[in-house]
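What follows is one structure encoded as structure tokens, with my remarks underneath.
The values are calculated or read from the model by the stated rules, or taken from the named source; none is laboratory data. No experiment lies behind these values; they were computed from the predicted model shown. With ideal geometry, Cβ positions are generated from the backbone for all residues, glycine too; neighbour counts draw on all protein chains shown.
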Amino acid sequence: MIRPGARNLITDVAGLRVGNARDDRIKTGVTVLLGDAPFVAGVHVMGGAPGTRETDLLAPDKTVQEADALVLSGGSAFGLDAASGVADALRAQGRGFAVGDQTVPIVPGAILFDLINGGDKNWPENPYKRLGAEALAAAGPDIALGSEGAGSGALIADLKGGLGSASAMWNGYTVGALVAVNALGRVTVGEGPQFWAAPFEMDGEFGGLGMARAFDPGAVAPIKGDDSRNTTIAIVATDAVLTQAQATRMAIAAHDGMARAIWPSHTPMDGDIVFAAATGARALDDTIRTPLMLGHMAALCLARAIARGVYLATPAQGDLKPTWATRFQT
């Protein structure tokens, strides 16, 4: 049976920590996933408008097979600088890929668009390098969700987005997901409070509302002007021993969870991307069935994490859209 881990967070995967930083004036933030040791990493992009750093390095045929950290950031292209702040701090700690007498931290990242969300974007200098370093310094086993980290300024079709996480355990393996939800589509069904991810909910983690009784399969939120710049960026992780090719397959499978939780997903205006991380603490007991189940669990965790991120978002001054709680619980 598949059940959530003790925290129901991606940090239930032993050896991983997460840190958040946010700037409430700008309405943006950064989230960093850090390994106690370098971890095997893969990536898969399915959206039509991605913004990324060092994702080419994660292809299975490339020389470097491990990463030191992964970064999710707001800020559109400006947010790619968050990974520089993380890399600088890791280098100061002596972490990174050894090249002669130098160390080069491997820090892939992805960004979402939150530049038109009601925050003050007239910064005197790019704030994301600072936010990246702050998020790394805050890394630990417990994660604040909702309007935190990379989800601080996130918006979806009709609500505030947010940062979500979930975990699952099966046959001794642990899988977790971490996601900043900033989708063009909706995560709730029609005009009601029920989540598209409802069939996969565990222990009432996003309200226990159950499934919507009816919906129009052709209905999508209207697309207008500034709403057409989006992206959902995510990480799935496991404690299993995976090659980079297997980690990439897990990232691909996890996109199923995005499609189950967001209606529609993977649009031309979204930059939907999923990283995968494997810490290698537990060998595969079956080279066919176990990778299949890890991908299945990754999809389940990502769908649940997406709903949790929106469900836990909190209101703030200057918001352009209501939170789920404001709309459906007041």
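Once region 259-281 is narrowed to residues that are among the aliphatic types (A, V, I, L, M) and over 16 Å from the mean Cα position of the chain (by Cα), the residue that is surrounded by the most Cβ atoms within 10 Å (Cβ to Cβ) is Met269.
Restrict the check to region 121-130 and report whether at least one residue is outside any loop (DSSP other than H, G, I, E, B) and either of a type in the set (A, V, I, L, M) or modelled with pLDDT under 95 (or both). Scanning region 121-130, I find no residue that is outside any loop (DSSP other than H, G, I, E, B) and either of a type in the set (A, V, I, L, M) or modelled with pLDDT under 95 (or both), so the answer is no. In region 1-110, counting only strands (runs of 3 or more DSSP E) that sit wholly within it, the ones holding 2 or more residues that are modelled with pLDDT of 95 or more and buried (at least 22 other Cβ atoms within 10 Å of the Cβ) span 16-23, 28-45, 66-73.
Restricting Phe275, Phe206 to residues that are aromatic (Phe, Trp, Tyr), touching a Pro at 6+ places or on another chain (Cβ under 8 Å) and modelled with pLDDT of 95 or more narrows the list to Phe275. If you check Thr248, Thr238 for being part of a strand (DSSP E or B), of a type in the set (Ser, Thr, Tyr), more than 16 Å from Lys160 (Cα to Cα) and modelled with pLDDT of 90 or more, only one passes: Thr238.
In region 111-136, the residues that are surrounded by fewer than 18 Cβ atoms within 10 Å (Cβ to Cβ) form Cβ pairs under 7 Å with partners that are in a helix (DSSP H, G or I), at six or more places apart or across chains, as follows: Ile116/Asp226; Asn126/Phe78; Asn126/Asp81; Arg130/Gly85. For Asp256, are the conditions met, namely being within 29 Å of Val220 (Cβ to Cβ) and surrounded by fewer than 24 Cβ atoms within 10 Å (Cβ to Cβ)? Yes. Here the condition is being among the polar types (S, T, N, Q) and at positive phi; of Ser84, Ser76, it holds for Ser76 alone.
In region 259-277, the qualifying residues are those that are out of contact with any strand residue (DSSP E or B) (no Cβ under 8 Å at 6 or more places or on another chain) and assigned to a loop (DSSP other than H, G, I, E, B), and the one that is farthest from Ser73 (Cα to Cα) is Pro264.
Contact map, region 56-69: first residue touching a residue at least 24 places away in the same chain (Cβ under 8 Å) and more than 26 Å from Gly132 (Cα to Cα), second residue of a type outside the set (S, T, N, Q) and assigned to a strand (DSSP E or B), Cβ cut-off under 8 Å, separation 6 or more or different chains; pairs are Pro60/Gly42.
Screening the candidates Leu302, Leu292, Leu284, Leu242 for the property of being closer than 24 Å to Gln65 by Cβ, in contact with a strand residue (DSSP E or B) (Cβ under 8 Å, 6 or more places away or on another chain) and surrounded by fewer than 24 Cβ atoms within 10 Å (Cβ to Cβ) yields one hit, Leu284. Is one or more of the residues making up region 158-167 under 21 Å from the mean Cα position of the chain (by Cα), at pLDDT 95 or above, more than 21 Å from Ala237 (Cβ to Cβ) and not small (Gly, Ala, Ser)? Scanning region 158-167 turns up at least one residue that is under 21 Å from the mean Cα position of the chain (by Cα), at pLDDT 95 or above, more than 21 Å from Ala237 (Cβ to Cβ) and not small (Gly, Ala, Ser).
For region 11-60, a residue qualifies if it is more than 19 Å from Ile106 (Cβ to Cβ) and in contact with a Leu (Cβ under 8 Å, 6 or more places away or on another chain), and the qualifying residues are Asn20, Ala21, Arg22, Asp23, Thr28, Gly29.
The set of residues in region 290-321 that are part of a loop (DSSP other than H, G, I, E, B), over 16 Å from Leu178 (Cβ atoms) and touching a Leu at 6+ places or on another chain (Cβ under 6 Å) contains only Lys321. Scanning region 168-186 for residues that are farther than 16 Å from Ile235 by Cα, small (Gly, Ala, Ser) and crowded, with 23+ Cβ neighbours inside 10 Å yields a total of 1.
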